[in-house]
Amino acid sequence: MTDLERAIIKTVSFFDIFSYPLTASEIFKWLYKPQQKYSLSDIRNTLKTSKILKKELAIKEGFYHLKGRNYIHLRRKQNNNLAERKFRKLIYLAKVYRFIPFIRMVAVCNSLGYSNANEKSDIDLFIISRRGTIWLARFFSTLIVKFSGMRPKEDNKKDTFCLSFFVDEKFLDIETSMMNSKDIYYPYWVSNLIPVYNPDGLYENFLEANKWHKRYLPNTYPNQFSKEVKANNFSKFFGILASFIFNPPIIKRWLYNWYRSLQVRIIDKNLKALINIDTRVIVSERMLKFYSNDNRELFARKWRERTHRILDKYKKSKIN
């Protein structure tokens with residue numbers, strides 16, 4: 001098995017966890033840890049001529065997937081159609097968020113970033129806050145979602161908004177919250193953020209600060225969202241006014257501590273028990289990350305099972 005064949009198997013196997021078959025161009029974009037540089041034509045030629053890949057992969061309507069997964073291309077197409085509705089709700093929320101002066105960037109992440117969210121799933125957001133205002137950004141963004149009835153409930157998450165990841169604009173490098181060197185999900189998570197509100201180009205700064213993900217996914221490139229929400233003069237004026245009202249200079253430090261202590265007090269007790277013991281729940285002035293059900297270890301295990309099952313047929317080797 002060649003290096004490229006092995007990299008293709010690893011890539012397709014990862015996305016198989018989420019029942020998400022790939023086109024040839026997507027395999028190129030998300031090719032996992034190849035030992036050398038390959039072009040899109042190299043990918044296409046190998047997919048067309050490799051006897052091993054023909055044995056292990058199937059293709060339906062231009063989508064490549066592992067053998068025995070014959071209908072997942074239909075699921076991908078169905079979820080892609082559902083994504084339009086979820087993105088409409090996201091755009092509406094982003095138009096509201098642009099009036100919050102403590103929010104500098106909003107991006108969609110996880111399944112909707114791939115347009116692969118199902119009917120009942122929520123919408124995961126990643127938010128970058130203005131310097132020194134991370135608790136204010138979380139407070140007001142959560143307040144809006146809560147009072148508009150769009151916060152996830154245990155028995156209903158459909159089209160609601162999960163606000164579980166914030167970082168300060170001055171601390172954009174998030175490599176420290178990677179689970180370990182075998183955390184395959186995190187590089188893909190970084191590479192597939194879709195900026196929905198990005199008035200100051202912080203999305204590009206974030207990718208530059210996290211270029212470590214290129215060690216795993218060298219072919220990835222910045223994403224664009226055709227309906228990205230823009231700031232306007234009114235939102236900028238309102239932001240200045242709101243900043244003065246809700247974070248006045250005279251009592252700025254005292255009020256910030258109040259916002260922080262209030263939110264810490266009402267954090268779910270199960271989350272409190274996990275704070276800063278590992279990378280699932282992180283609470284600091286640089287990062288707020290609340291993923292009690294962090295599935296990265298599960299994804300890594302499922303990926304290793306799939307890749308070993310195939311690669312061990314041809315060569316005993318360690319999965320990087």
TODO: Please work out which residue is farthest from Phe206 (Cα to Cα), limiting yourself to segment 137-173 and to residues that are among the aliphatic types (A, V, I, L, M) and touching a residue at least 60 places away in the same chain (Cβ under 8 Å).
DONE: Met150
TODO: With the checklist (1) in contact (Cβ under 8 Å) with a residue 60 or more places away in the chain; (2) under 18 Å from Arg104 (Cβ atoms); (3) among the aliphatic types (A, V, I, L, M); (4) in a helix (DSSP H, G or I) in hand, flag the one item Leu262 doesn't pass.
DONE: (2)
Task: One residue from Ser235, Ser226 being in a helix (DSSP H, G or I), among the small types (Gly, Ala, Ser) and at pLDDT 85 or above - done: Ser235
TODO: Could you please let me know if Thr176 is polar (S, T, N, Q), assigned to a loop (DSSP other than H, G, I, E, B) and either in contact (Cβ under 8 Å) with a residue 40 or more places away in the chain or under 28 Å from Leu262 (Cβ atoms) (or both)?
DONE: no
Open item on the list: Suppose we filter segment 233-249 for residues that are touching a residue at least 60 places away in the same chain (Cβ under 8 Å) and either within 28 Å of Arg88 (Cβ to Cβ) or surrounded by 13 or more Cβ atoms within 10 Å (Cβ to Cβ) (or both); how many remain?
Closed with: 7
Task: Test: residue in segment 254-264 that is β-branched (Val, Ile, Thr), within 20 Å of Phe166 (Cα to Cα) and modelled with pLDDT under 95 - done: yes
TODO: Pairs only if they're at least six apart or on different chains, beta carbon under 9 angstrom, first in segment 280-294 and part of a loop (DSSP other than H, G, I, E, B), second of a type in the set (Lys, Arg) and surrounded by fewer than 16 Cβ atoms within 10 Å (Cβ to Cβ); list them, first residue then second.
DONE: Arg286/Lys170
- [ ] Check segment 40-61 and report whether any residue there is touching a residue at least 60 places away in the same chain (Cβ under 8 Å), out of contact with any Cys (no Cβ under 9 Å at 6 or more places or on another chain) and outside the structural domain of Ser164 (by TED's automatic domain parsing).
- [x] yes
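The values are calculated or read from the model by the stated rules, or taken from the named source; none is laboratory data. This is a predicted model, so every value here is computed, not measured. FYI the Cβ positions are ideal-geometry reconstructions off the backbone, even for glycines, and counts take in every protein chain you see.
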